[in-house]
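Notes follow once the structure below has been shown.
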Amino acid sequence: MPGTGTNRIIRECAEYGLPEPEFRETGTSFVITFRKDILSEGYLKHIGLNTNQVKAVMHLKVNKEITNGAYQKLNEVSRSTATRELSALVKQGIIERHGRTGRGTVYVLKGSNDS
C-alpha cells in the first residue's frame, strides 16, 4: 500500500520523542530531513532551566507524562516548589498541562499526542 512508509516514519519519530521529519520534493528527488531532539540536557540548561526541570523533561521524554506528585518524588521537593517549577515549564512552552485541576492534572511535552 503506497504511503504507509511515510506514516510509519512519522509514528516512529514521535515514539522516540523526535521532531517530525521534513519531507520535500526537489523535482528529481524526494528528501527526508531528520532533526535531532532539541530538548537535550545542554539546550535545556542553556535556556535557563534548573536541574529539577531538566530532570523532569528527561523523565517526560521516556515516560510521556508526569504529575505534580511524581515531580515532587523525582526531585525531592515540596508541592509548592513542584507547582512553581512545572508552571514555569508550561509558561516557557516546553510542557502542556492536561486534565482537571488537582489529582487529575498531568503534564506532557508540548506537542506530544499522549494525554
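A few remarks follow.
- Inter-label distance, nm, simple model (7 Å from Cα along the C-beta direction), R79/E96: 2.7
- For the chain, the ratio of Cα radius of gyration to the globular rule of thumb 2.2 N^0.38 Å stands at 1.27.
- Farthest positive-ward along the chain dipole, Cα basis, beta-carbon charges - from N52, G42, F30: N52
- Evaluated at q = 0.19 Å⁻¹: base-10 log I(q)/I(0), Debye formula over Cα of segment 1-50: -0.73
- Of the peptides 60-73, 36-49, the ranking by mean beta-carbon count within 10 Å, highest at the top, reads 60-73, 36-49.
- Taken about its Cα centre, the chain carries a charge dipole of roughly 440 debye when the Cβ of each Lys and Arg holds +1 and the Cβ of each Asp and Glu holds -1.
- Residue among V62, P19, T6 farthest towards the positive dipole end of the chain, charges placed on Cβ: V62
- Relative contact order for the chain, counting Cα pairs under 8 Å that sit 6 or more residues apart, in percent: 17
- Here segment 41-109 is assigned +1 on the Cβ of each Lys and Arg and -1 on the Cβ of each Asp and Glu. Its dipole about the Cα centre then comes out at about 180 debye.
Bear in mind that the values in this text are calculations on the coordinates, not laboratory data. On a predicted model such as this, the values are computed, not experimentally measured, just so you know. Reconstructed Cβ throughout: ideal geometry from the backbone, glycine too, with neighbour counts over all protein chains shown.
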